[in-house]
Amino acid sequence: MESIAVSRYEDASLALRNENLAQSLYDEGAVIMQDVLLTLHGDQHRARRTLEFRVFRRDFFRWYETEVFPRTLAETMAPYEAAGRADLIDLGYRVTMNLTADFAGIDRPARTPQETAQLLKLVMTFSEGATLVHSTRDKDAVRAEVRAALAEFDAAFLKGSIDKRKALLARFAKSEIAEDALPRDVLTVLLRNEDKLELPPEILRREMAFYLQAGSHSTANSTTHALHELLAWCEKRPQDRARLESDPLFLQRCVHESFRLHPASPVAWRRPVCPVSLAGGHRAGTEDRVVVDLHQANRDPAIFGADADVFNPHRVLPPNVPPFGLTFGTGVHSCLGRDLDGGVLPRADADPATHQLGIVPLFVRTLLAKGARLDPKEPPVRAQHTARPNWGRYPILLGR
Ligand code: HEM
């Protein structure tokens with residue numbers, strides 16, 4: 001087997017859009033990732049994505065961003081604000097855990113910090129299972145932990161969420177309730193279309209577990225990277241701190257620049273389903289692995305300029321290149337949560353007062369408005385347990 005690296009922006013973009021390349025990063029993590037949306041290929045993938053996409057519409061994001069998220073954020077941040085400090089990793093996961101659970105359709109009836117912590121612990125185990133290929137631990141031991149976590153998730157969260165939705169769907173079928181009384185989430189869409197999909201209970205369980213971890217890690221880590229870049233930027237240009245709070249489009253542009261530099265998944269792996277030609281004259285066979293290096297592609301000087309490695313929200317981009325590069329992927333597996341987390345790209349006539357900013361820019365804006373700054377006594381620490389360049393602890397002080 002040959003491993004073929006693709007790291008120029010244009011080549012990476014082409015590889016991700018090549019429909020003869022199937023997902024392969026999660027083969028080893030089948031205990032949690034087998035037959036979930038991200039690992040399906042071809043017709044099966046298309047059918048499920050088309051259904052699930054119904055939940056990820058811009059009108060819904062707009063409603064979520066203005067109505068639901070501010071409440072969840074305020075609720076989750078309150079104890080940290082009262083304490084005047086937070087570890088942004090911990091806070092970020094708590095906020096984003098609720099966000100992804102809302103979209104997946106996993107109810108948290110108690111809505112207590114303990115319940116969030118229980119769900120978070122389960123999701124950490126699912127995530128370790130998904131990235132089993134990188135694990136240095138005994139892989140069978142990790143698999144056993146994932147199976148136990150799935151059983152706990154089923155009993156504590158999933159069963160109740162399914163029962164509630166099935167009861168509502170039955171009432172809807174009898175015209176006792178209107179369609180808009182049904183929850184708008186992935187679980188409801190899947191249960192409503194069970195007859196069109198092959199979804200035995202174990203696949204439905206893995207799909208829900210996948211959603212919880214797909215959205216929460218990426219959002220939490222991206223928020224921390226963005227705040228870090230912005231604090232460093234404002235240290236050199238203190239006049240921009242006020243602008244970040246008063247100019248939402250500038251703030252969003254800055255967060256997109258941070259997304260570009262810090263893709264949540266630094267690489268995507270693909271396996272050819274038939275022999276394929278890649279850019280640069282490479283041929284890849286069905287036994288080979290194509291490693292699409294999103295981190296390098298997003299720093300390609302041919303696209304992003306000589307200062308591609310540096311945070312510069314004023315950079316000029318070529319036409320049709322999004323400011324966040326390939327951070328949300330592209331092609332058939334492109335991220336369904338992109339506009340939810342990153343918002344809409346502003347047009348020249350965008351109205352800052354109504355523009356959909358995205359959850360990460362909103363979260364960062366709220367942190368800045370609450371006076372977020374580094375704690376001089378406790379500098380941030382890089383994560384130790386992963387090869388990914390993430391933060392392990394990110395202590396911040398809150399309050400003006
Ligand atoms: C900053 C935050 C996020 C980043 C950087 C990110 C990144 C990505 C990337 C790179 C992929 C494609 C992987 C590949 O091609 O192999 C992807 C897929 C996906 N993401 Fe995200 N994601 C983020 C947030 C979210 C959120 C909040 C959700 C859900 C609420 C979500 C749901 C999904 C789903 C369902 C897929 C699979 C799509 C498919 O296979 O058809 N993501 N994401």
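The values are calculated or read from the model by the stated rules, or taken from the named source; none is laboratory data. These numbers come from a predicted model, not from an experiment. Backbone-built Cβ (ideal geometry, glycine too); neighbour counts: all protein chains shown. We work out accessible area using only protein heavy atoms, side chains counted, and drop any ligands, DNA or RNA first. Shrake-Rupley method; radii C 1.70, N 1.55, O 1.52, S 1.80 Å.
One Cα centroid belongs to segment 38-85, the other to segment 107-137; the line between them spans 17 Å. Phi angles of segment 127-136 translate, via the Karplus equation with coefficients 6.51, -1.76, 1.60 and θ = phi - 60°, into HN-Hα couplings of 5, 5, x, 5, 9, 4, 4, 9, 6, 9 Hz per residue; Gly and Pro are given as x. Cross-link check: pairs 164/196; 166/196; 121/166; 121/377 evaluated at a Cα-Cα cut-off of 24 Å; pairs beyond the cut-off: 121/166; 121/377.
Each residue of segment 338-350 was assigned a 3J(HN,Hα) from its phi angle through the Karplus curve 6.51 cos²θ - 1.76 cosθ + 1.60 (θ = phi - 60°); the sequence is 4, 6, 5, 7, x, x, 8, 6, x, 8, 4, 9, 4 Hz, with glycine and proline shown as x. Taking θ as phi - 60° and the Karplus parameters 6.51, -1.76 and 1.60, the scalar couplings of segment 277-291 work out to 9, 10, 4, x, x, 5, 10, 10, x, 5, 8, 8, 10, 9, 9 Hz in sequence order, x denoting glycine and proline. Heavy atoms only, probe 1.4 Å: what % of the accessible area of segment 86-188 goes to carbon and sulfur, would you let me know? The nonpolar share, carbon plus sulfur, comes to 54 percent.
Gap in Å between the Cα centre of segment 337-400 and the Cα centre of segment 179-193? Between the Cα centres of segment 179-193 and segment 337-400 lies a distance of 30 Å. For the peptides 247-255, 232-240, 141-149, the ranking by mean Cβ contacts within 10 Å, running from highest to lowest, is 247-255, 141-149, 232-240. Positive end of the dipole of the chain (Cβ unit charges, origin at the Cα centre): among 29, 273, 234, the Cα lying farthest that way belongs to 234. All Cα-Cα separations within the chain were binned at 20 Å from zero, giving a P(r) of 26, 59, 15, 0, each value a whole percent of the pairs. Counting only DSSP H runs of at least 4 residues, each contributing -39500 (n - 2.57), and dividing by the residue count of the chain, the helix-based mean residue ellipticity at 222 nm comes to -15500 deg cm²/dmol. Scanning residues 5 or more positions from residue 25 or on other chains, those with amide H under 5 Å from its amide H are 269, with H placed 1.01 Å from N in the peptide plane.
Highest mean packing comes first when the peptides 12-20, 273-281 are listed by Cβ atoms within 10 Å, giving 12-20, 273-281.
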